[in-house]
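One structure is given here, and the rest of the page talks about it.
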Amino acid sequence: MTDNNNRRLLAMALFVAILPGCATQPTLSEDESDPLEGTNRKIYDFNETLDAHVMRPVAQAYVDYTPERVRDGVTNFFDNLGYINTIFNELLQGKFKQGVADVGRFTINSTLGIGGFIDVASAASVPKHDEDFGQTLGVWGVNEGAYLVLPVLGPSSARDVPRYITSTLLNPLTFISSPIIPASGVLGAVNERSNFLEATRLRDEAALDPYTFTREAYRQRRLNDIYDGNPPLENLDQGEAGDEGEEAGDNVLRIE
């Protein structure tokens, strides 16, 4: 099974897993994690309108007319570009062994994988990781802060906003001056959107309140990312509020 398919299945599984809670709680206007809900909902509606009229139709056409093998190659290419950011954050989190291994992964895919289009490392059973500065701040014990919906970018949080800066600065394409760069950015955005067509379809069909559904899916996924798939049960039940979240964040930092 390709990484592209794995990503779609993971997204779908996450949506299905949180469905019962979101379906019985269509609005959480007094949720302390979302003090800006009124503004967030307006931006969410704007993003959904843009998605419905632009991104989703383009992504669907891209899927309809682009072979899956080509789409997988594009996904691999952009994932490989982002791997410098992953390695940087692994080192910040004290995951030195994992970071060194991922330097090897990046090197293999960038060379034998023809610039990353072929995921040779995964074929050789080399594990794949995904780290960003928002996760790093969580590992350092920084509370998630207020939930935010950013124009175009979508779900985020006060803690996660800086990750867009570091990921941009650590992307090699940022420093290349060429007319092809904007086009590659558009391709990356369309390809990324195409990976989640099925997941958003399920959300739209199943959720009583898609805004709340998306918010809780995002928060649970980020919590899961910070704890590398093993978040404490109390954090799953209560989120990352207060001292408990900070203490748990301290416990995540480790040397590997």
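The values are calculated or read from the model by the stated rules, or taken from the named source; none is laboratory data. Just so it is clear, the structure is predicted and the values come from calculations on it, not from any experiment. Cβ sites come from the backbone with ideal geometry, for glycine too, and all protein chains shown count toward neighbours. These accessible areas exclude ligands, DNA and RNA; they are computed on the full protein's heavy atoms, side chains included. Shrake-Rupley method; radii C 1.70, N 1.55, O 1.52, S 1.80 Å.
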Cα convex hull volume per residue for region 99-163, in Å³, equals 114
Under 1.5 on a/c is rounded, so check that first for region 135-174, then, if it is not, pick prolate when a/b is larger than b/c and oblate when it is not; a ≥ b ≥ c are the square roots of the alpha carbon gyration tensor eigenvalues.
-> oblate
When the solvent-accessible surface of protein heavy atoms is calculated with a 1.4 angstrom probe, in what order do Thr214, Thr49 fall, highest first?
-> Thr49, Thr214
Could you calculate, for region 46-183, the ratio of the Cα radius of gyration to the Kirkwood radius, expressed as Rg to Rh?
-> 1.00
So, in nm, how far is label Ala146 from label Asp45 when the simple model puts each one 7 Å beyond its Cα toward the Cβ?
-> 1.9
Which shape class, rounded, prolate or oblate, goes with region 161-237 when its Cα gyration tensor gives a ≥ b ≥ c as root eigenvalues, a/c under 1.5 marks rounded, and past that a/b bigger than b/c marks prolate?
-> oblate
Return a whole-number percent for the relative contact order of region 68-175, with Cα pairs under 8 Å and 6 or more residues apart as the contact set.
-> 28
How far apart, in nm, are the 7 Å Cα→Cβ label points at Phe175 and Val58?
-> 2.8
Out of residues 5 or more away from Gly154 or on other chains, whose amide H comes under 5 Å of its own, with H placed 1.01 Å from N in the peptide plane?
-> none
Place a label point 7 angstrom from the Cα of Ser110 along the Cα-to-Cβ direction, then list the residues of region 155-178 whose backbone nitrogen is under 17 Å away.
-> 167-177
Starting from the Cα of Lys128, draw a straight line to each of the lysines and keep only those under 24 Å, dropping any in the same chain fewer than 8 residues away.
-> Lys95, Lys97
